[in-house]
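Read through the structure below, which is laid out as structure tokens, and then see the notes.
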């Protein structure tokens, strides 16, 4: 299938990379440096041009395109791109937007703007923050099989109770699978004898109860049920959406916004949130407002540097945990090293959501890990699947290394997979897959 991606930034580049092995991908951007860069780094055709232009779309082969993804940084441009694509072709169109009101308008207007699917970066980021906040110590969290299966990634910190243990020693939960260890640049599919080292990232898949119990064993940090105080710093759209979602969980919230007019508006929109008008980079204010007693501080200011500063100040005065928005994806690891407990990159969150709609038809859900070094997939088993009516150990013998079957759901019940487990028609299977073997695995399953 021909896929046209308009916008060669972090979102567009991630999407192009996930598709270039299976599809004929064309990337359009107005920036000649980005066009040159993606030409050398990805197996795609890169075109310098304006994606809203019919001529540029025709040059990219719009008449044969099955999918157009508009992923520039300007909402209105992305909407126009989708409309232009529909005017001269019949592709499925996906638009990335930041403004939640555009998403709501699209949701209430069938076929509005010529957009078939819309992804709202600000809302997706807020939802990611709330998911991570609900699981202490987690760096990434996602759910599969209508919430029956959870996936989470945890860093094994210095002094962690599982550091130095083998996987079989650390696996004390009936419905939990240790899917992988991410060690440096290596993706390790563990056996029972694999030793877990400090600094590893551990990826586990299982029931929500088992994943939460595992999280509780790693860290004393409170889960959402135990949180008494959350402080959100920054009243932009991400901060507002995060507060709104926390309000739905009936949590005690304070939100700090510097601009007086915006603070008044937020106070009206968030009736269960105490809105404070002040500069949260002022340590005297943080001390005076007892931010040190907070269980969680979420930094959603307009710059990465300010989010890092707020997180550092909050940790310095005694806040339990910090989550910060990091717009520059290359800074996430650095910021997590020096001051933010968890960094959330809106562009990667958006790319992940769009990727779910670009997989083969049988793929139900996708989560990308560590900048797409690995993925967790959910598939529904049909009669053409290699898994159909076969034991897991027989199937695994035919697949490359780098894959773990983490969970199976059948008739709304969770099955913890073992070698002798037989997979049946209609089962939902959640798999961890190293991206190096992703295409081979998805083609077989």
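The values are calculated or read from the model by the stated rules, or taken from the named source; none is laboratory data. Given the structure is predicted, the values throughout are model-derived calculations rather than measurements. When we count neighbours, we look across all protein chains shown, and the Cβ atoms used for this are built from the backbone with ideal geometry, even at glycine.
Here are a few things to note about the model shown:
- If you go through segment 165-189 and pick out every residue that is buried (at least 22 other Cβ atoms within 10 Å of the Cβ) and part of a loop (DSSP other than H, G, I, E, B), you end up with 0.
- If you check 350, 435 for being more than 28 Å from residue 209 (Cβ to Cβ), outside the structural domain of residue 132 (by TED's automatic domain parsing), under 15 Å from the mean Cα position of the chain (by Cα) and surrounded by 16 or more Cβ atoms within 10 Å (Cβ to Cβ), only one passes: 350.
- Of note, residue 251 satisfies the criterion of being touching a strand residue (DSSP E or B) at 6+ places or on another chain (Cβ under 9 Å), modelled with pLDDT under 95, over 30 Å from residue 162 (Cα atoms) and assigned to a loop (DSSP other than H, G, I, E, B).
- Residue satisfying all of: in segment 1-19; touching a residue at least 40 places away in the same chain (Cβ under 8 Å) and not in a helix (DSSP H, G or I); surrounded by the fewest Cβ atoms within 10 Å (Cβ to Cβ) among these: 1
- Being assigned to a loop (DSSP other than H, G, I, E, B) and surrounded by fewer than 23 Cβ atoms within 10 Å (Cβ to Cβ) holds for only one residue in 330, 305, 320, 336, and it is 320.
- Going through (1) assigned to a strand (DSSP E or B); (2) crowded, with 17+ Cβ neighbours inside 10 Å one by one, residue 274 falls short only on (2).
- Condition broken by residue 242, with the remaining ones in (1) exposed (fewer than 15 other Cβ atoms within 10 Å of the Cβ); (2) in contact (Cβ under 8 Å) with a residue 60 or more places away in the chain satisfied: (1)
- Looking only at segment 20-45, and only at residues there that are surrounded by fewer than 23 Cβ atoms within 10 Å (Cβ to Cβ) and within 19 Å of residue 91 (Cα to Cα), the one that is nearest to the chain's Cα centre (by Cα): 20
- Of the helices (runs of 4 or more DSSP H) contained entirely in segment 61-164, those carrying at least 1 residues that are in contact (Cβ under 8 Å) with a residue 40 or more places away in the chain and under 16 Å from the mean Cα position of the chain (by Cα) fall at 121-133.
- The residues of segment 81-98 that are in contact with a strand residue (DSSP E or B) (Cβ under 8 Å, 6 or more places away or on another chain) and over 18 Å from residue 15 (Cα atoms), listed by number, are 85, 86, 89.
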